1. Take residue 35 and residue 62, extend 7 Å from each Cα along the Cα→Cβ direction, and tell me the distance between the two endpoints in nm.
2. Run the numbers on the chain and let me know its relative contact order in percent, using alpha-carbon pairs under 8 Å that are six or more apart.
3. Could you compute the net charge surrounding residue 30? Neighbours are other residues with a C-beta less than 14 Å from the C-beta of residue 30; K and R count +1, D and E count -1.
4. Specify which residue in the list 36, 97, 48 is farthest towards the positive end of the charge dipole of the range 1-112, using unit charges on the beta carbon of Lys, Arg (+1) and Asp, Glu (-1), about the Cα centre.
5. Which net charge results for the neighbourhood of residue 81, defined as the other residues with beta-carbon distances under 15 angstrom from its beta-carbon, given Lys and Arg at +1 and Asp and Glu at -1?
6. Run the count for the chain, please: Lys pairs, Cα-Cα under 18 angstrom, 8 or more apart or on different chains.
7. Considering only 93, 62, 130, give the residue with the highest GNM mean-square fluctuation for the chain, with springs between Cα atoms whenever their separation is below 10 Å.
8. Spin-label point model (7 Å from Cα, Cβ direction): what's the residue 14 to residue 78 distance in nm?
Amino acid sequence: MATAKRAPKLPKVVLNPNAAIVLEKRYLRKDLDGKPLEDAMGLFWRVAAAIAAEEEKYTDSTVNADDLARDFYALMTEYKFLPNSPTLMNAGTDLGQLSACFVLPVGDSIEEIFDAVKHAAMIHKSGGGTGFSFSRLRPKDSRVGSTG
């Protein structure tokens, strides 16, 4: 099995049999034939490195991204902190969706209502969940301009 590019000398990941099955079925990156492209160590390093790389955007930061990635890797492999499912699945990938929950505004027209449904479907497809804000809808008994 191929593994994700990772830093040398990382601690091994200790998994119970059930966790190994769940990681393989749901979280490990796979090729087009469904074969894993990474192992548990690669998964945790992919996530840790992607999260830590964001630190490089802050030019005044004194934190080294590689050190931060190792710290985050240690937190995950020691089971002191595990990110949500979208982060495990998408960190370090082209999709990059790390959030699990989204609140979508529902507008006051048929087009805007169906746009909200479309956006919800796309979020669900990538592992996120949705809530809806109906605050933009007109009050009850309001006149509809197009139909009277």
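The values are calculated or read from the model by the stated rules, or taken from the named source; none is laboratory data. Since we're looking at a predicted model, the values are computed, not measured. Cβ atoms come from the backbone with ideal geometry, glycine included; neighbour counts cover every protein chain shown. Note: accessible area is taken over every heavy atom of the protein model, side chains too, but ligands, DNA and RNA are not part of it. Shrake-Rupley method; radii C 1.70, N 1.55, O 1.52, S 1.80 Å.
1. Distance between the two pseudo-spin positions: 4.9 nm.
2. Working: 176 pairs, mean separation 25.9, N = 148.
It rounds to 17 percent for the chain.
3. 0
4. Projecting each Cα onto the dipole axis, the largest value belongs to 36.
5. Taking every Cβ under 15 Å from that of residue 81, the sum is 0.
6. 6
7. Among 93, 62, 130, the largest GNM mean-square fluctuation belongs to 62.
8. With each label point 7 Å from Cα toward Cβ, the separation is 1.3 nm.
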